[in-house]
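Peer 1: Please see the structure below; I have some questions.
The values are calculated or read from the model by the stated rules, or taken from the named source; none is laboratory data. Since we're looking at a predicted model, the values are computed, not measured. Here the Cβ is made from the backbone with ideal geometry for all residues, glycine too, and neighbour counts use every protein chain on show.
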Amino acid sequence: MFGGSTIFGFGVPDAETVPSHLSRELNSSGPACFVILNAGVEGYVTNQELLLEALKTGQRPDMVIFYDGANEGEAATSPEIQVPHLEFERVKARIEGTLPSKLDFVQNSNSLGLARAIGGRFKRNRSSAAPPADLAARAAAALDNYEANTRVVRSLGQAYNFKVFCFWQPSLAFDGKPLAPFEQQLQRHILDSKSFKILKAVNEEAARRSLRGGDFVFLGQVFDSVKEPLYIDQYMHLGPRGNRIVAQAIAKWVDGHAEN
């Protein structure tokens with residue numbers, strides 16, 4: 001399984017990650033034995049998940065599962081619409097040793113964060129709103145990039161004889177789930193931010209494109225009937241219960257399509 005921090009298991013023990021739950025789901029019935037490798041890396045987007053290193057060393061999976069979405073949207077908040085990975089501009093500046101890179105720690109300091117929070121109580125940040133046209137362009141670019149990567153992976157699957165399944169993850173930046181009070185509080189802190197609006201637009205674009213064909217499975221609606229709190233932060237990280245529901249949805253899809 002490839003993905004970012006949600007596959008790696010941010011905020012939960014190893015036994016409660018999506019790959020661990022998926023292993024139990026797929027091995028709970030039937031004669032087949034599934035050995036699942038958790039290849040999630042915090043912050044990764046599909047640009048970084050093309051498993052080339054594994055293939056070059058002779059590893060031949062029977063099946064590859066990609067679980068992405070939130071990081072694709074986060075990458076779309078960069079000044080450049082399409083970037084190789086999250087915080088590309090910051091990493092680039094640090095490597096090149098520019099003056100702003102030497103001071104970027106100030107932008108993330110607790111003192112500045114407190115000052116911004118206090119200032120936000122007195123006036124609204126007018127720069128937080130992204131123009132609708134810009135939102136649409138960034139969402140389209142993010143999905144173009146994502147779908148191009150899925151096509152590359154499927155081509156590798158055909159060449160190396162393994163199955164490919166791609167899933168778009170649920171997120172607080174997509175309407176549908178009845179939010180518990182804790183989740184409402186999480187969402188309230190970022191509701192007016194530009195990054196949240198871009199991520200929401202990316203999710204809505206992903207939902208539309210998933211209906212066109214079978215390139216990827218949109219799981220943004222998997223929590224629509226779940227009232228209990230599942231998210232542990234403002235964007236996409238889930239607790240054990242949420243990871244289990246996601247794993248059950250993936251297992252059901254894999255069981256129904258593995259022989260196709």
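Peer 1: Out of curiosity, is A141 in a helix (DSSP H, G or I), modelled with pLDDT of 70 or more and closer than 28 Å to Q221 by Cβ? Spell out the reasoning first.
Peer 2: Details: in a helix (DSSP H, G or I): yes; modelled with pLDDT of 70 or more: yes; closer than 28 Å to Q221 by Cβ: yes.
Yes, satisfied.
Peer 1: Okay, next question. If you scan segment 165-220, which residues turn out to be among the charged types (D, E, K, R) and part of a loop (DSSP other than H, G, I, E, B)?
Peer 2: Start the filter on segment 165-220 by keeping residues that are among the charged types (D, E, K, R), which leaves 175, 177, 183, 188, 192, 194, 197, 200, 204-205, 208-209, 212, 215.
If the condition is that a residue be among the charged types (D, E, K, R) and part of a loop (DSSP other than H, G, I, E, B), then D175, K177, D192, R212, D215 are the ones that fit.
Peer 1: Within segment 192-210, is even one residue within 19 Å of T77 (Cβ to Cβ), in contact with a helix residue (DSSP H, G or I) (Cβ under 8 Å, 6 or more places away or on another chain) and of a type in the set (S, T, Y)?
Peer 2: Within segment 192-210, one or more residues are within 19 Å of T77 (Cβ to Cβ), in contact with a helix residue (DSSP H, G or I) (Cβ under 8 Å, 6 or more places away or on another chain) and of a type in the set (S, T, Y).
Peer 1: Does A206 count as within 23 Å of F34 (Cα to Cα) and either small (G, A, S) or over 16 Å from the mean Cα position of the chain (by Cα) (or both)? Quick ask: steps written out before the conclusion?
Peer 2: Working: within 23 Å of F34 (Cα to Cα): no; either small (G, A, S) or over 16 Å from the mean Cα position of the chain (by Cα) (or both): yes.
No; evaluated as a whole, the condition is false for this residue.
Peer 1: Name the single residue, out of those in segment 126-138 being of a type in the set (D, E, K, R) and at pLDDT 85 or above, that is nearest to F216 (Cα to Cα). Walk me through how you get there before you give the answer.
Peer 2: Within segment 126-138, the first condition is being of a type in the set (D, E, K, R), and the residues that meet it are 126, 134, 138.
After this cut, where a residue has to be at pLDDT 85 or above as well, the list is 134, 138.
Numbers: D134: 25, R138: 19 Å.
Going through the qualifying residues, I end up with R138.
Peer 1: Moving on. Anything in segment 218-236 that is at pLDDT 95 or above, within 18 Å of I7 (Cα to Cα) and either of a type in the set (G, A, S) or buried (at least 19 other Cβ atoms within 10 Å of the Cβ) (or both)? List them, or say none.
Peer 2: Restricting attention to segment 218-236, the residues satisfying the condition of being at pLDDT 95 or above are 218-232.
Within this subset, residues satisfying the condition of being within 18 Å of I7 (Cα to Cα) are 218-220, 222-223, 230-232.
Within segment 218-236, F218, L219, G220, V222, F223, L230, Y231 meet the criteria.
Peer 1: Can you run down the residue pairs with Cβ atoms below 8 Å, 6 or more apart or on separate chains, where the first is in segment 238-260 and under 18 Å from A180 (Cα atoms) and among the charged types (D, E, K, R) and the partner is exposed (fewer than 15 other Cβ atoms within 10 Å of the Cβ) and at pLDDT 95 or above?
Peer 2: These pairs meet every condition: R241/E228.
Peer 1: Of all residues in segment 42-79 being surrounded by fewer than 18 Cβ atoms within 10 Å (Cβ to Cβ) and touching a Gly at 6+ places or on another chain (Cβ under 7 Å), which is farthest from L135 (Cα to Cα)?
Peer 2: For segment 42-79, the residue satisfying everything is E42.
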